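Trainee: Here it is, the structure, as structure tokens.
Every number here is computed from the coordinates shown, using simple stated rules; none is lab data. Small disclaimer: the values here were computed from a predicted structure and weren't measured. Cβ sites come from the backbone with ideal geometry, for glycine too, and all protein chains shown count toward neighbours.
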Amino acid sequence: MRKFSPEYLRRTREGMWDDSREALQDLSLSDRSRVLDVGCGTGELSAVLDAESPGEVVCLDADPELLRVAREATGLPVVAGDATRLPFPDDAFDLVVCQALLVNLPDPAAAVESFARVSDDLVAAVEPDNAAVGVDSTVSAEVALERSVRESYMAGVRTDVALGDRLPDIFEAAGLRDVRTRRYFHRKVTEPPYDELELEDAARKASGAGLASHETELRRTLSDDEYDALYRDWREMGRSVVEQMQERRYRRAEVVPFDVVVGRVTD
Ligand SMILES: C[S@@+](CC[C@H](N)C(=O)[O-])C[C@H]1O[C@@H](n2cnc3c(N)ncnc32)[C@H](O)[C@@H]1O
């Protein structure tokens, strides 16, 4: 199981769902009574569910360290467990939902089957389409390097990180009906004045730490020479980012599309 740090989740989810919650419409949050957020991480989606629903929201994750952060951040009940073998009786919730979980599982279909077992009404997944991420930057090398790293990472990672059109099929194979998909675009803009997370991000680019955290996946598709060259170019790009930030002229925009898929349990 890939490990996620609380800082990574905070950085990648910053501002998500703040601009619009329209894509969550089919989750029917305003009339839910018991909601389970599977693979809740630090509780970023759990807090949104709690704000939008009158029902109780329960947070579940396999990582106890993240669960501790989720409990402190949201005050919601937390449960340790595996998404593919949920520790609840049949029909215990009227909505079971996850965000950015299925793309990290070797068998996403097994998780959706488990969701359908413990829900007596709705099942939903909010999953990034990592193949369609868009980046623009005042450091021109950043756009090409991020694309090349993303492509190599997707080829080297052992899970399907761009489920896209396959998600509705997985829902239907789990017996879910009336399957609907909406799209949410998570837009992030970095521009002056830079906040603490943005400064940290730039420092991680310049030190190579951000790239090194994907070293295992990247080395599966790149030769040693290719990885070393990429690492060198990446750090150089990072130093240009830091330099432009010091001169307050760095600007970066990123759009990550998320598919919101919702299905209904049938008897
Ligand atoms: C990318 S994070 C997403 C966290 C959160 N849903 C969010 O959107 O910020 C994936 C989460 O799934 C959890 N996870 C991975 N495999 C799991 C499994 N088999 N059962 C339960 N949780 C799992 C990880 O610990 C991590 O918290």
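Trainee: How large is the dipole of the chain about the Cα centre if only Lys and Arg carry +1 and Asp and Glu carry -1, each at its Cβ, rounded to the nearest 20 debye?
Mentor: Numbers: 34 positive and 54 negative charges, 87 e Å.
That gives a dipole near 420 debye.
Trainee: Further question on the same structure: At 0.36 nm per residue, minus the direct Cα-Cα distance, what do Ser33 and Ala131 gain on full extension? Give it in nm, one decimal, please. Could the numbers behind the result be given before it?
Mentor: On the way: separation 98, 0.36 × 98 = 35.28 nm, distance 3.52 nm.
Result for the pair: 31.8 nm of gain on full extension.
Trainee: Oh, and also: If I model a spin label as a point 7 Å beyond the Cα along the Cα-Cβ vector, how far apart are those points for Ala92 and Arg232 in nm?
Mentor: 5.4 nm
Trainee: Sticking with this one: Once whole DSSP H runs in the chain are found, which of them have Cα atoms spread over 18 Å or more along the helix axis and a mean Kyte-Doolittle score of at least -1.0?
Mentor: The qualifying helices are 140-156.
Trainee: Round to the nearest 0.05 the FRET efficiency obtained for Ser207 and Arg177 when R0 = 45 Å and r is the Cβ-Cβ distance.
Mentor: 0.35
Trainee: Using helices alone, what [θ] at 222 nm do you get for the chain, with -39,500 (n - 2.57) per DSSP H run of 4 or more residues, divided over all residues and rounded to the nearest 500?
Mentor: So the calculated ellipticity at 222 nm is -12000 deg cm²/dmol.
Trainee: Suppose R0 equals 22 Å; then what is the FRET efficiency for His214 and Arg239 from their Cβ-Cβ distance, rounded to the nearest 0.05?
Mentor: It comes to 0.70.
Trainee: Something else: Using +1 at the Cβ of each Lys and Arg and -1 at the Cβ of each Asp and Glu in the range 88-136, identify which of Val133, Pro89, Val123 lies farthest towards the dipole's positive end.
Mentor: Farthest towards the positive pole: Val133.
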